[in-house]
Amino acid sequence: MFQTVADLAAYPGTHGDDTYNLYPLLINCLTEGNDISTTVLDGIKHLAEIPKGIDIIFPPNVQGSVRLDKAAAQSSSLARIQILSLIAKLIAVSSYTATAIRDSNLVCLFENEIKDRRDMLKTLSALEVLCELEQHPHSNEFLLKTNLLQLIADVINDSSADSIVRSMAVVISGRLLSSADAFTAIDQSYITILLLAINKILKMEESQDLDEIESALEALALVGTTSVGACLLLTDSSNVARHVVEASFNRQGRGTGAGPKCYAEEWWEDCCREGSQNHEAKCNLGLVYVGWEGD
């Protein structure tokens, strides 16, 4: 039945009124059904690809329509994660759907799930969907202009959070800052907060979690892939470049795994290539290298 409903919604010959009637059924299947989420998600995604499909999912007149934020508010935690997955699929359809998601303020659904960290599995699931969402080129235009960055930093700094949750948050922060556009779209204070949070992981002498260290190095490697990111890392007052070297090459008896070393080498190569175009960064590259070799 669920497959039939999804197929009908996406079928080109389905009349407009029929499609309007099918969409609430699909949302109900998504929030109430079991083991059919992929079928329903694909059905709604196909609906977004047909003429007037966006007007059905994001109607200009909300009265009497199914709103995703209201559906999430009335759903279980599992169903809310399904709605987040739907948002991630819809944003991949086109820039038009991405704009509709932004205008509907649906990113707040991610913020709500990440803010409430009492359920580790729920928070991790929300972060995993966010990680999927931010891989789409249409996502940065509004993800970078929300409170998500502060919340991601809060997760990284939360010592009571599970290590795997913090590691996921660290990787997301690196991906968000891996675009040169990010540094013009994000307030500098948010960037500083994120770098300090990542830096804290590399500075903690008591940290023995190689996964967290590897995630921190992966994030910094992503930031260093652009010239503006590399320059920032090499000129930032947190001296994160030095901590990368210390954390990666057994300076404090940790971070000796092949993964951390690989990310450190990738980070160093990116910074050498991109940072060499900036005089201050170039000077700091030399200072870091001398300090590294001299110890």
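We did not get these values from a lab; they are worked out from the coordinates using the rules stated. Quick caveat: nothing in here was measured; it's all calculated off a predicted structure. Please note: Cβ atoms are built from the backbone with ideal geometry, for glycine as well, and neighbour counts cover all protein chains shown.
Observations
- Greater than 26 Å apart at Cα, pairs in 89/200; 122/145; 89/122; 52/89; 122/203: 89/200; 122/203
- Extension gain, residue 159 to residue 121: 0.36 nm times the residue separation minus the Cα-Cα distance gives 12.0 nm.
- Relative contact order of the range 155-225, pairs being alpha-carbon contacts under 8 Å that are 6 or more residues apart, as %: 47
- Were the residues from residue 74 through residue 210 laid out at 0.36 nm apart, the gain over their Cα-Cα distance would be 45.0 nm.
- One decimal place: the segment residue 49-residue 237 gains 63.0 nm when fully extended, by the rule 0.36 nm per residue minus the C-alpha distance.
- Neighbour-count ranking [beta-carbon atoms within 10 angstrom, fewest first] of 106, 234, 25: 25, 106, 234
- Sequence of 128, 214 once ranked by neighbouring C-beta atoms within 10 Å, starting from the fewest: 128, 214
- FRET efficiency for the pair residue 21 and residue 146, taken as 1/(1 + (r/R0)^6) with r the Cβ-Cβ distance and R0 = 25 Å, rounds to 0.15.
- Footprinting exposure proxy for 52, 200 (fewest neighbouring C-beta atoms within 10 Å first): 52, 200
- Surrounding net charge for residue 164, when Lys and Arg each add one and Asp and Glu each subtract one, Cβ distance under 11 Å: -4
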